[in-house]
Amino acid sequence: MGVRGERTAGGPVDPPVASSAQPSGATDLDLLHAHVAGDRHAFTEIFHRHRDRLWAVALRTLGDREEAADALQDALLSAHRAAGRFRGDSAVTTWLHRIVVNACLDRIRRRQAHPTVPLPDGVRDADSGTGGVEPAAPVQDHDTALVVRQALAELPPEQRAALILVDLQGYPVAEVARILDVAEGTVKSRCARGRARLAVQLGHLRPRPAPQQAKPQPAPQQTEQQPEPGPATGPNVPAVTRGNPRSPGGVRSGSGRSRRDAHQEES
């Protein structure tokens, strides 16, 4: 018996079988070549390396867990089958993101949008099969997250994809241009138009400036008022009486009565 991969006496040369044990330092391109060569585990390793970001892009683009899981599965199947046609003109992760985004945009274009309430972030089935972690949001921000997600869903698909990749995922514009296969100026234009639409739809979420409090007016300066001159008092000044409260007509003089009496007596 001969060993596989070696020439036996009079027998053909068996094709070499790629080893399933990939070195830890293998690049994405090495793994993709190994997958094309027949390694059944190489593509799985690529997926495990990038699943979280791919899942986050799909979820934020579609805004629905089930839709995102289906789109991601379709994209990975497509990448699995098309790996042999990968030209290497971009990074493997860029190529994977492009396939995922295109799968999401195709779903958006094919299906009419139905108003749905997505599940809160961070909640997912153990059997969902995505293998990624959903973008988590604090519990107190769920209402705001739902409003923002609904606003994103109303954007044109191209603007939504550009905004999610640039603003939410944090990819550089040049990388997003390679993912979307468009010029960098197109990415910037789509982001600008998308932000303008969101600014109108989400304007009510902006914190309102606190009302300005009126500045306290300085208290008027108290001027010392000179006391009005009152009646003179002192040890050598007699006290002033209030006078007679009765009308002047009722005043009787004692000296006048004695004069009348004296006149009547003389007459």
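Counting residues in segment 120-134 that are in contact with a helix residue (DSSP H, G or I) (Cβ under 7 Å, 6 or more places away or on another chain), modelled with pLDDT under 70 and among the hydroxyl-bearing types (Ser, Thr, Tyr) gives one or more.
For segment 28-55, the set of residues classified as among the acidic types (Asp, Glu), over 14 Å from Leu96 (Cβ atoms) and open to solvent by less than 40 Å² (accessible area, probe 1.4 Å) consists of Asp39 only. Consider Val200 carefully, then state whether it is of a type in the set (Val, Ile, Thr), open to solvent by 50 Å² or more (accessible area, probe 1.4 Å) and modelled with pLDDT of 85 or more. Considered against the rule, which asks whether it is of a type in the set (Val, Ile, Thr), open to solvent by 50 Å² or more (accessible area, probe 1.4 Å) and modelled with pLDDT of 85 or more, Val200 comes out as yes. If you check Val117, Val147, Val176, Val182 for being at pLDDT below 55 and out of contact with any Phe, Trp or Tyr (no Cβ under 9 Å at 6 or more places or on another chain), only one passes: Val117. Scanning segment 56-86 for residues that are outside any helix (DSSP H, G or I) and either among the charged types (D, E, K, R) or surrounded by fewer than 18 Cβ atoms within 10 Å (Cβ to Cβ) (or both) yields Asp64, Phe86.
The set of residues from segment 148-174 being more than 16 Å from Arg98 (Cα to Cα) and in a helix (DSSP H, G or I) comprises Val148, Arg149, Gln150, Ala151, Leu152, Ala153, Asp167, Leu168.
The values are calculated or read from the model by the stated rules, or taken from the named source; none is laboratory data. Since the model is a prediction, treat every value here as computed from it, not as a measurement. Every residue, glycine among them, receives a Cβ derived from its backbone with ideal geometry; neighbour counts consider all protein chains shown. Side chains included, ligands, DNA and RNA excluded: accessible areas come from the protein's heavy atoms. Shrake-Rupley method; radii C 1.70, N 1.55, O 1.52, S 1.80 Å.
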